[in-house]
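To keep things clear, I will list the structure first and then write my remarks on it.
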Amino acid sequence: MKKKYYITTPIYYPSAKPHMGHAYSSISADFIARYKRLEGYEVRFATGTDEHGQKIQKSADKKNLSPEVFCNEISKVFLDLTKTLNLSNTDFIRTTQEQHHKTVQKLWKILEEKKFIYLSKYSGWYSVSDEAFYSEGEIIEKDNNKICEVTGSLVEWVEEESYFFKLSEFQNILIKHYEDNPKFIQPASRRNEVMSFVKGGLNDLSISRNSFKWGISVPNSKEHIVYVWLDALTNYLTAINYFKENSFWPADVHIIGKDILRFHAVYWPAFLLAAEIPLPKKIFAHGWILSGDEKMSKSKGNILDPTEIIDEYGLDEIRYYLMKEVMYGLDGKINIENLKNCINSDLANNIGNLSQRIFVLTNKYFSCKVPDPKILSTNDKKFIEYSMSGLEKSMNTFEIHNYIREVISYSSKINKFVNDEEPWTKAKNSDPRVGTILYVALNALKNIFILLHPVMPSKSEHYLSCLNIFPKDISFESIKKNLPINRELKMPGLMFKKYI
Ligand code: MSP
């Protein structure tokens, strides 16, 4: 039986259409899901939309639509984006689905039975845009408005009856968990941030609202709906049907953006601990895609639309650029100039040029069949026998950018090998070494395209199909198997354009 792996993206607010920041979260999770499949895991990969709460209700009101109709429309755009981005997700959860309502109510009842919920009154600050409660110490005044100092979002004063979760009881248990499991929150800088927040003390958390209706009803209550973050976080259990069959829980990793760390690394584990449900193994918080120096976001009006850029430059190119150029875990600026440079140098000049030359030469001298290498020197073998240890090390800490850098440098080495060996000159003298060089380069190409599969699935599959390797055989195991001599190959055609 295959080992199991469960990875999730945040579920997105369908309050507006997706932008590059959302695409980034999903593409990075897709990279990891695909990488794990190549390692031989059975992967569940869940994503979806977070449809309840005041933020969505307000966005629907503005358009004069019911929240149901509004969510159906925009959730569909997020669903379509999973196809546009070629995500390999196995699940797409909408929090408006019946199955999810049941999971949330079940979790609520468990928390209630275990006496972690009580009724009281909330009076304090609330940000609709973050759907978050903030303490007095987190609020500052700017231009006569009260805002949250960290997120910059407007807050409003809320006073209403509310159910509370006894979060304060979990301070020491959470700190112990972070200390005993140093890799629970990654990168390390984020872990420190959470640690100091929790050490600063935890107040009980309001987990219901009763001033509007768009949400999941609190069991046995007519007035209250479940706080949208308790509702949303529970999607991770819904997606794998935790209360019916829990073979994929605990999640191996929740991929999130750094702005939603508190919810995932403090509230979520506390809810789970209270319900005696095992904790996810890891929370990984990536940085922000910046436009100029600011977070790309709809409210700032500085968004890049992923579908427009993909139409212009190609999906695998964009995936490659985002995963290589933005160091995973840190913020990264993206712009079209850099995107073009990256495509030109890594894809067109390096990988594209290498594959073009090797296929053309194999076609010319060996009728497009894998040549017999005759004698392979130790040095030749080094180019083919690729050790995964460096890549595995990068992936242990999700340094996706380093993974890609290593693969591109492998491709550069093969390009240099071909340049140094000059098979085109040797062919003029009928030197038998030509077959060896092309055999080495073809096998290296096979390895390169397998290694690139997590980032460029469709280009990789195309090239591999020209080498007669089909999706079911794309795995890291296939790196160890050389192409059979005399195998007939197909010409891939020109796959990477150059941009000026
Ligand atoms: N609905 C919540 C998540 C609930 S998960 C149980 C939410 N939604 S969101 O649509 O606002 O954001 C979803 C994800 O997109 C977050 O991880 C956020 O960090 C990410 N991004 C939104 N803008 C971003 C950038 N500019 N850059 C990178 N990711 C950012 O929060």
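When restricted to residues that are of a type in the set (A, V, I, L, M, F, W, C) and touching a strand residue (DSSP E or B) at 6+ places or on another chain (Cβ under 6 Å), segment 172-219 contains 6. Screening the candidates 258, 300 for the property of being farther than 30 Å from residue 114 by Cα and near the ligand (Cβ under 8 Å from one of its atoms) yields one hit, 258.
Per the conditions (1) outside any helix (DSSP H, G or I); (2) buried (at least 22 other Cβ atoms within 10 Å of the Cβ); (3) more than 14 Å from the ligand (Cβ to nearest atom), the sole criterion not satisfied by residue 285 is (3). Taking every residue in segment 256-277 that is hydroxyl-bearing (Ser, Thr, Tyr) and pairing it with any residue that is assigned to a helix (DSSP H, G or I), at least 6 positions away or on another chain, the pairs with Cβ-Cβ distances below 9 Å are 267/167; 267/229; 267/230; 267/233. Close contacts from segment 137-156, counting a first residue that is more than 18 Å from residue 197 (Cα to Cα) and without any contact (Cβ under 8 Å) to a residue 24 or more places away in the chain and a second that is open to solvent by less than 40 Å² (accessible area, probe 1.4 Å) and among the small types (Gly, Ala, Ser), with Cβ to Cβ under 7 Å and a gap of 6+ residues or different chains, come to 147/153.
Among the residues of segment 384-409, how many are aromatic (Phe, Trp, Tyr) and either over 17 Å from residue 350 (Cβ atoms) or surrounded by fewer than 19 Cβ atoms within 10 Å (Cβ to Cβ) (or both)?
Qualifying residue count for the region: 1.
Return the residues of segment 467-479 that are touching a residue at least 60 places away in the same chain (Cβ under 8 Å) and either basic (Lys, Arg) or touching a Phe, Trp or Tyr at 6+ places or on another chain (Cβ under 7 Å) (or both); say none if nothing qualifies. Matches in segment 467-479: 479 only.
Please indicate, with yes or no, whether at least one residue in segment 384-403 is assigned to a helix (DSSP H, G or I), closer than 16 Å to residue 358 by Cβ and out of contact with any Leu (no Cβ under 6 Å at 6 or more places or on another chain). Yes, because at least one residue in segment 384-403 is assigned to a helix (DSSP H, G or I), closer than 16 Å to residue 358 by Cβ and out of contact with any Leu (no Cβ under 6 Å at 6 or more places or on another chain). Taking the conditions exactly as written (within 22 Å of residue 310 (Cα to Cα), at pLDDT 95 or above, under 14 Å from the mean Cα position of the chain (by Cα) and within 16 Å of the ligand (Cβ to nearest atom)), does residue 47 satisfy them or not? Yes. Applying the set (1) among the polar types (S, T, N, Q); (2) touching a strand residue (DSSP E or B) at 6+ places or on another chain (Cβ under 8 Å); (3) away from the ligand (no atom under 13 Å from the Cβ) to residue 75 leaves exactly one unmet item: (3). Taken over segment 302-357, the criterion of being in contact (Cβ under 8 Å) with a residue 40 or more places away in the chain and hydroxyl-bearing (Ser, Thr, Tyr) is satisfied by 307, 313, 320, 328, 355. Based on this model, can you work out whether residue 107 counts as crowded, with 22+ Cβ neighbours inside 10 Å and at pLDDT 95 or above? The answer is yes for residue 107. Hey, can you tell me all the residues within segment 48-67 that are free of Cβ contacts under 8 Å to residues at least 60 places away in the same chain and open to solvent by 40 Å² or more (accessible area, probe 1.4 Å)? Selection gives 61, 62, 63, 64, 65, 66. Restricting 196, 217 to residues that are surrounded by fewer than 21 Cβ atoms within 10 Å (Cβ to Cβ), among the small types (Gly, Ala, Ser) and more than 23 Å from residue 286 (Cβ to Cβ) narrows the list to 217. Would you check if residue 318 is near the ligand (Cβ under 9 Å from one of its atoms), within 23 Å of residue 402 (Cα to Cα) and surrounded by 19 or more Cβ atoms within 10 Å (Cβ to Cβ)? The answer is no for residue 318. Of everything listed in (1) away from the ligand (no atom under 12 Å from the Cβ); (2) closer than 20 Å to residue 32 by Cβ, the single unmet condition for residue 225 is (2).
Filter segment 1-28 down to residues that are aliphatic (A, V, I, L, M), surrounded by 22 or more Cβ atoms within 10 Å (Cβ to Cβ) and closer than 24 Å to residue 72 by Cβ and give me whichever is nearest to the ligand (Cβ to nearest atom). Break it down into steps so the answer makes sense when it comes.
The initial filter retains those residues of segment 1-28 that are aliphatic (A, V, I, L, M), namely 1, 7, 11, 16, 20, 23, 27.
Still in the list and also surrounded by 22 or more Cβ atoms within 10 Å (Cβ to Cβ): 7, 11, 23, 27.
Then keep just the ones that are closer than 24 Å to residue 72 by Cβ; that gives 11, 23.
Values: 11: 5, 23: 9 Å.
Step by step, filter segment 1-28, then rank; the result is 11.
In segment 386-412, the residues that are on the phi < 0 side of the Ramachandran plot reach residues that are open to solvent by less than 30 Å² (accessible area, probe 1.4 Å) and basic (Lys, Arg) with C-beta atoms within less than 6 angstrom, at least six apart or across chains, in these pairs: 401/324; 404/324. Filtering segment 372-391 to residues that are more than 15 Å from residue 411 (Cα to Cα), at pLDDT 95 or above and of a type in the set (Val, Ile, Thr) leaves only 378.
The values are calculated or read from the model by the stated rules, or taken from the named source; none is laboratory data. Quantities reported herein were computed from a predicted structural model and do not represent experimental measurements. With ideal geometry, Cβ positions are generated from the backbone for all residues, glycine too; neighbour counts draw on all protein chains shown. Calculation scope for accessible area: heavy atoms of the full protein, side chains included, ligands and nucleic acids excluded. Shrake-Rupley method; radii C 1.70, N 1.55, O 1.52, S 1.80 Å.
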